[in-house]
Every structure is written in structure tokens, then in C-alpha cells.
Amino acid sequence: MIADSSHALTGQIRTDFVSFPNRAGLKIAACLDYAGDLRGRPWIVVAPKYGETKKNNLQIAYFLAANGLNVLRFDHTNHVGESAGDQIFFTLAGGSEDILSCGDYLQETYSVGSYTLMANSLSARTAIRAAARDTRTIHLVCLVGVVNVGYTLNQVYREDLVGGHLAGKRWGVTDILGVDIDFDSFLGSAVREKMHDLDSTRMDLDRTKARISFFPAERDTWVSLTEVQSLLEANPNAGCFPIPGAMHELRENPVVAQQAFNDVVAACVGEAYGVAREAVKLQQPDKRVLMQQNRAERDRLRESVRTPQNETEFWSAYLKKYQTAWKIEDYQAYLAVVGRMLGEIKPGEVVLDAGCGNGMFGLWVLRALLEAARITESPPIYVGVDLTADGLSEAMATQLSYSFSHGFPPGQRLQDRLALLFGQMDIDTWGLPEPDRAAELQFADGTFNKVCLSLVLSYLNRPERVLAELYRVLRPGGRIVVSSMKPFCDMSEIYRDYMDQQVTDKELTAGRNLLSAASQIRLKEEQGIYTFYAADELTALLEGAGFVHCFAQQSFGGQAVVVVAER
């Protein structure tokens, strides 16, 4: 066994970074979280969610450690994170082997003969298999756990992927929720190892000697609550505790998540120490310590990224997948909220769409002005700037196509109602000293009456500098609207509602691509490359730049935060 000598001493809770081989000889990177002495306390192994790393389990790990449990959280091999292997080779059976290897490490290093096992979402299926094979697992805890892999894949991709595989269909290396994997190998292994359907999950649970605590989400679009309940009701060792108001991404609602974490930690502590969960008095971890550790692990994870992607290339590819967003009702409603908060665009006003992407907000502005049918001697000016030439080309083509398709009376032209200007620039360089600026296009003080920064701030390295620059180029009394996806946003209901419409095969593929692209962004957020903001955080950034009269609201199906402010 190999133990990394580095560690973080965080108040009463300590985190050690360790590594050890799995049963196939690949290195597993893990963290040990504990308060006090590692020996003599009950242990809990926390498996990572599919497409995520051990860092995502930091919050609940510290909550568990604050209440007397030692925690081992780890990265799967052949997956994202610090463990060894190539992510294209990830399988459910391989994930299960990693869990067993964690048990081996605890037994060989700390003489641990029993432990609790916790897993989330798709990883719950790997944990169920591990518990069926390992009597050291005495308590199995599943949060929003997937129990029927075929059903969940069908809900996500609107196609019977397991059935297609059995019928001979092949996909090769495919992006599955933001992670490129050999999907044929993944499905083949799931079928061969009997981990693909509800019956196989039932057989594993029947073989499990552990106590089972299942916490399904009541609003889960990927997992059937009815299937979960039917699976557990006949098992004398199982308890089912649905989480009211929860979606598949449990942390999407902080209030719901905190109550769920309270219930989960109470169940783990109660089971480990042999007391009723109702009698457990919970201790909350120090938030400052938790935030410090989160920053340290985010920086560590960013350094471990094996193939950092060029941002221009990433966004060029992303925007191609985002073209279908215009047809999503929740996105249309979001654009309407942004437009309403920005206010009526009056004759002669100059509007900046900073990070315009493929021009969706600009298209909304164009449509609103055309519907207003106002012709003046001083039409408003729309200025769209973006990092990618591909995005700008798409924006121009989309807006010109829309204007021509909706036509004008004889003698009228598009420029009678709106002037369109586009420029390629990296707004992340705004506010930098002159020698460091890569942008060729710059604006004078007070150039704009209105500024829109739609779902862009999260992806900037220097958000404070960019907002300060936007403050400079906005006229006194001008208005700015800034938005961000909220932390731990869950797009599943938006995606489901879109897919429930009468979509063509092309639109079906576009919807799948959009979901995968959103998952890639979530992974980059976890790596510390991007940051999603809550309403108070976004407001604080705007006020820090000098803006006043901030007002925030949620939109985009409740998954985005939109803030309006004035200069």
C-alpha cells in the first residue's frame, strides 16, 4: 500500500490523500476524512457519482466525519479524476471492483472488518453489486440510486439502448453524459455481468446481508420511484425513505439537500453506533474549513486534468450542440425574462451582447423589435461579441435568416429597425493591462445603454475585472443583466419536457448532444475551471464592480439565476 504524505489539517477534521492498487493493479486515488484518531471509529466508503470525482462527495464526507465516522472517498479507475486508467474503459463491473478494493485497503491497513457503503445515482448499481459480494458491507446507503440501468438509459436517450445492443447495434466510443466511453463495452459488460435491469438488481439485493437504506428522489426523471419501492418492499433488510421535492441532482435545491443529508447522516451514524436515527444529535462541519478544503481539492483536481482542452475549441463545439436550445420552452421563457429585465430597447440605444454565442439573445431582441414594427430615423444598435468565429458566423446567419423570413413591407429594410454589428474578441482579457490584452476590439467609456451577459460569467477566469470593464462602458443610468446557471443545476426536467414534444430524429440527436454538453460543463465546474453562482454571489460580484439596485430571480426552469442592476 502507498500513502501520500501530503494532507490537509482542517480544524478538527483532517483529510489525508492516499493511493492504493485495485484488484486489477490500477492505482486508486482516495481521501481519508476523519476527526481525531483513525482507529477505533466506524468507517464509511463513499463511491463517486458517474462523471464525477471524490471532490463532489466532500460536503457529505465532512458531515459524516463531524459526527464520528471515518470516511474513505475515492475516484474510480478508468474514469474522471486522479485514479489510473483510461475513461473509455469504464464499466459498472469495474466500478464494483474498485469498491471491493477500497474494502481491501481498509482491512489491510487499518484492520477494518466492516463498513458502511454509500453511493449516488448510477454508482448505486455498482455499490449494490459490491455489497452482494462482500460481507464486510454491513450497511448499504443509496442516494437517488439507479436500480434499472436499461430504464434510466431509455429515459435519458429515449431509446432502448440495452435492447439495441442485444439486437446487434453498436455505438463505439460515445459521449455518455459528458464522458467518452466505449459504450459497446459498457453495455456488453452490464448485460454479461447481469447489472442491466431491475431483475438483476433484485437478485443482488436478495444476496446482500447488509442493512439497506434507500433515499430516492420524488421528482427524479431518470429513476422510477415505483420501481424502487417495489424492489425494496419485499426485502426485510431494506428501508425506503423518499426525499420530498428532490430531483435527480440532490443538491439542486440546497434546502432539500440539507434535510436529505441530515437524514442520511443520521441513518449512517445510528446504524454504525447502534442507536435509533431519531436519537442522533447531528454536528455540522465548519463551513469555512469545508470551503478551504474544497478550494484545495479543486486546485489539485485542475492540475490533474490529463488533457486540458483549448477553450476556443471547446466553445466552438459546444455552440454547435446548443442550436436546439431555441426550441426549448424553458429557454424561451428565460430569454423573455432577460429581455424584460433589460427593459425596452428604445430608438438610438446601443445594446451590448457580451459573449453572444450563436446569437440566441440577439435573435430574441430582433424578434421583439420586428414585432414592435417601429421605424425611426435612429434605429437601436445591437453589438454582439464572442470568443469564437463559429459562434459569430452562426449568430449572423441565424439573425439574417430570421429577418428575411419574416420580411418587410415594400421600401423597408432590416436596418430601418435594428443595426447589427458583430466582433470576435476574448472578453476574459477585459480589464487587463494594455500589453496583456489579446482583444483587438475595445470600447470607449459609456458606449452602451444596455448590456447583456447571458450565461457567460461562470466561464471567465477574471469575472471581477470583466464586470468592472462593463461598468466602465455602460452609460450612467444604464442597465445590465447578468445570469449564471445555479450551483448543482439539474437539467433533467427541462430535457424531459423537450423530449416529450413531437421531436424529429434530428432534434432528438440535438437534445442528446445538448445534455452531454451540459454534463461536460458540469465536469469542468468540478475541476475548478468554471464557477456557477447563487443569487447572493452574483449580486455581490455586481455590487463589487459598482453596480446598484440589484434584483435577482430564477429562470430557465428554475436552474438559472438572473440579476439586473444599474450603473
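Yes or no: residue 492 within 18 Å of the chain's Cα centre (by Cα) and either crowded, with 20+ Cβ neighbours inside 10 Å or aromatic (Phe, Trp, Tyr) (or both)? Considered against the rule, which asks whether it is within 18 Å of the chain's Cα centre (by Cα) and either crowded, with 20+ Cβ neighbours inside 10 Å or aromatic (Phe, Trp, Tyr) (or both), residue 492 comes out as yes.
For segment 203-212, a residue qualifies if it is farther than 14 Å from residue 124 by Cβ and not in a loop (DSSP other than H, G, I, E, B), and the qualifying residues are 203, 206, 207, 211.
Inside segment 473-514, can you point out the residues that are in a helix (DSSP H, G or I), over 28 Å from residue 541 (Cβ atoms), in contact with a Gly (Cβ under 9 Å, 6 or more places away or on another chain) and aliphatic (A, V, I, L, M)? Once the filter is applied, which keeps residues that are in a helix (DSSP H, G or I), over 28 Å from residue 541 (Cβ atoms), in contact with a Gly (Cβ under 9 Å, 6 or more places away or on another chain) and aliphatic (A, V, I, L, M), segment 473-514 yields only 499.
Here residue 170 meets the list (1) part of a helix (DSSP H, G or I); (2) touching a helix residue (DSSP H, G or I) at 6+ places or on another chain (Cβ under 8 Å) almost entirely, failing just condition (1).
Take residue 474 and tell me if it is of a type outside the set (Asp, Glu), touching a Lys or Arg at 6+ places or on another chain (Cβ under 7 Å) and at pLDDT below 80.
No.
Given the condition among the small types (Gly, Ala, Ser) and either outside any helix (DSSP H, G or I) or not assigned by TED's automatic domain parsing to the domain that holds residue 292 (or both), answer yes or no: does some residue in segment 42-62 qualify? Taking every residue of segment 42-62 in turn, at least one turns out to be among the small types (Gly, Ala, Ser) and either outside any helix (DSSP H, G or I) or not assigned by TED's automatic domain parsing to the domain that holds residue 292 (or both).
Look at residue 451 and say whether it is touching a Ser or Thr at 6+ places or on another chain (Cβ under 8 Å), surrounded by 17 or more Cβ atoms within 10 Å (Cβ to Cβ) and modelled with pLDDT of 95 or more. Explain how you work it out, then say what you get.
Numbers: touching a Ser or Thr at 6+ places or on another chain (Cβ under 8 Å): no; surrounded by 17 or more Cβ atoms within 10 Å (Cβ to Cβ): yes; modelled with pLDDT of 95 or more: yes.
So residue 451 does not fit the description; no.
Just one of the listed residues (84, 24) is touching a strand residue (DSSP E or B) at 6+ places or on another chain (Cβ under 8 Å), more than 25 Å from residue 248 (Cβ to Cβ) and surrounded by fewer than 22 Cβ atoms within 10 Å (Cβ to Cβ), and it is 84.
Pairs linking a residue in segment 386-414 that is assigned by TED's automatic domain parsing to the domain that holds residue 355 to a residue that is among the β-branched types (Val, Ile, Thr) and modelled with pLDDT under 75, with Cβ atoms under 8 Å and 6 or more positions apart or on different chains, are 387/312; 388/312; 412/375.
Close contacts from segment 247-259, counting a first residue that is closer than 22 Å to residue 281 by Cα and a second that is of a type in the set (D, E, K, R) and crowded, with 19+ Cβ neighbours inside 10 Å, with Cβ to Cβ under 8 Å and a gap of 6+ residues or different chains, come to 257/251.
Condition first: in contact (Cβ under 8 Å) with a residue 24 or more places away in the chain, of a type in the set (A, V, I, L, M, F, W, C) and assigned to a loop (DSSP other than H, G, I, E, B). Can you find one or more residues in segment 554-566 that meet it? Yes: one or more hits. Just wondering, is there one or more residues in segment 160-168 that are outside the structural domain of residue 74 (by TED's automatic domain parsing), touching a His at 6+ places or on another chain (Cβ under 8 Å), more than 30 Å from residue 272 (Cα to Cα) and of a type outside the set (S, T, N, Q)? Within segment 160-168, one or more residues are outside the structural domain of residue 74 (by TED's automatic domain parsing), touching a His at 6+ places or on another chain (Cβ under 8 Å), more than 30 Å from residue 272 (Cα to Cα) and of a type outside the set (S, T, N, Q). All of (1) of a type outside the set (Val, Ile, Thr); (2) over 24 Å from residue 135 (Cα atoms); (3) modelled with pLDDT of 95 or more hold for residue 251 with one exception: (3).
Filtered by the rule that a residue be of a type in the set (Ser, Thr, Tyr) and either buried (at least 24 other Cβ atoms within 10 Å of the Cβ) or outside any loop (DSSP other than H, G, I, E, B) (or both), segment 213-229 gives 213, 226.
The values are calculated or read from the model by the stated rules, or taken from the named source; none is laboratory data. Worth saying up front: this structure is predicted, and the values here are computed from it rather than measured. Positions of Cβ are generated from backbone atoms using ideal geometry, with glycine treated the same way; all protein chains shown enter the neighbour counts.
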